[in-house]
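Let me begin by presenting the structure, written as structure tokens, before commenting on it.
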Amino acid sequence: MSRRELGRRELAGYDRGPGATTRATARAIAKVDDAEAVVLVEGISDQIALETAAVGRGRDLDAERIVVLPIGGAHAIRRILTGLDPLGTRLRLAGLYDVREEEVFRRGLAALEIGSPGSRADLEQLGFYRCVNDLEEELIRAVGAAGTEALFDAHRDLRSFRSFQSQPAWRGRPPEAQLYRFVRSSSVRNLRYARLLVEAALDRDVLPRPLDAVLAAV
């Protein structure tokens, strides 16, 4: 099976290509009326990671009426929360955010009077957890450089990664930085490894804290 066919099989059920996040957001919002909880994440890769982690923890988010809502970037949080506001009194909210977007999330929640988050601890009390620097980096650190390369090998990406490492701009850089940039260099690869890295982290019992914590919050 080719890498393209592997990727297609691994991403079955998830949208890809131009406009994918917009469509994923619309599909998730359509489920909100019947939901008991909504978990806000920045993009589709975060959605895939969280839903994979839920399965690994024995959770059925659909049965529990929990919607994972990719908002299309941190700066959309206020608009998304405004749309959810009529349901806010009954919905449990939680979320994941990248460390560089902490202030954006804090201001968005405060503007809609969802608590008074003045600190990271306040955000966690509301069910919102930060990833350093983002979820992909959290997962690569958890699985480790050798473990991530083993995944590349198992999914026919190791040769491409070795070629990437030999490029002048990346030659000699720290392995974690090379791994992160390689994963993020293709949108399809980023989505594939969102699932594969979470599964590897679950197998090793090293799931990053933000994923475990946000699942516990809902």
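What the table shows:
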item	result
Candidates 169, 154, filtered to the one that is touching a Leu at 6+ places or on another chain (Cβ under 9 Å) and farther than 24 Å from residue 20 by Cβ	154
Residue selected from region 200-218 under the condition within 14 Å of the chain's Cα centre (by Cα) and surrounded by fewer than 18 Cβ atoms within 10 Å (Cβ to Cβ), by the criterion farthest from residue 162 (Cα to Cα)	213
Pair list, Cβ under 7 Å, 6 or more apart: region 18-37 residue in contact (Cβ under 8 Å) with a residue 60 or more places away in the chain, other residue surrounded by 12 or more Cβ atoms within 10 Å (Cβ to Cβ) and in a loop (DSSP other than H, G, I, E, B)	37/91; 37/218
Hits in region 141-157 - residues which are hydrophobic (A, V, I, L, M, F, W, C) and under 16 Å from residue 96 (Cβ atoms)	142
Residue check, residue 197 outside the structural domain of residue 101 (by TED's automatic domain parsing) and either charged (D, E, K, R) or in contact with a helix residue (DSSP H, G or I) (Cβ under 9 Å, 6 or more places away or on another chain) (or both)	yes
Tally, over region 138-194, of residues that are closer than 25 Å to residue 52 by Cα and polar (S, T, N, Q)	6
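The values are calculated or read from the model by the stated rules, or taken from the named source; none is laboratory data. No experiment lies behind these values; they were computed from the predicted model shown. Reconstructed Cβ throughout: ideal geometry from the backbone, glycine too, with neighbour counts over all protein chains shown.
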